[in-house]
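To start, the structure itself, in structure tokens.
Each value in this text was obtained by applying a stated rule to the coordinates, not by laboratory testing. This one's a predicted model, so the numbers in the text were calculated from it and none came from an experiment. Counting neighbours? That spans all protein chains shown, and the Cβs are built from the backbone with ideal geometry, glycine included.
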Amino acid sequence: MPDAQPANEQPIDERFAVELIGRTDYGRMATSLRALPFLAFARHIVADGRVLLRMPRNLGYHLACADSIVAYGTDNLNSARPGEGLWTAQIVGQCETLEPTEVQLERFGPAPRLVDGEPYEPVYLGIEPQFCTVHATDGGLERRFQHVL
């Protein structure tokens, strides 16, 4: 019988995926739009085990995400140093609109001025992880993140 997880603690695989996501600044949201698969970019931070997103309101993609189950992922595929293993992390969970705190807004940093030639107006979403996956090459993650595993 597996060890019981304390009620207020995330499972190890969830903490690991969220920790990896927190090491990057941008990722991709996967959802469906008009019954078709769809990917949208977002700026993210991690706060209290949740992934918080900032997306451009004028594109309207947040409307397909809010109040839905979505997938969100990121990786180091373009940022891995020579000899460093590659990894991808993904969470799946309920997505909700939110009002970030002042501290969270500071952590997001400055927003772009424009998106597709229009003024950038942010919208904020949060994902509560319910399912997580992490994939890596060459065993580098096990050595580098033993404190989480």
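Apply the a/c threshold of 1.5 to the C-alpha gyration tensor of segment 1-134 and tell me whether it is rounded, prolate or oblate.
Verdict is prolate for segment 1-134.
Three principal axis extents, largest first, for the C-alpha atoms of segment 56-140, in Å?
Extents along the principal axes: 41, 29, 27 Å.
Over all alpha-carbon pairs in segment 16-70, figure out the percentage whose distance exceeds 12 Å.
Working: 993 of 1485 pairs.
Cα-Cα pairs of segment 16-70 separated by over 12 Å account for 67 percent.
Out of the trypsin sites (Lys or Arg not before Pro) in segment 9-87, which ones are loop residues according to DSSP with at most 15 other C-beta atoms within 10 Å?
R23, R34
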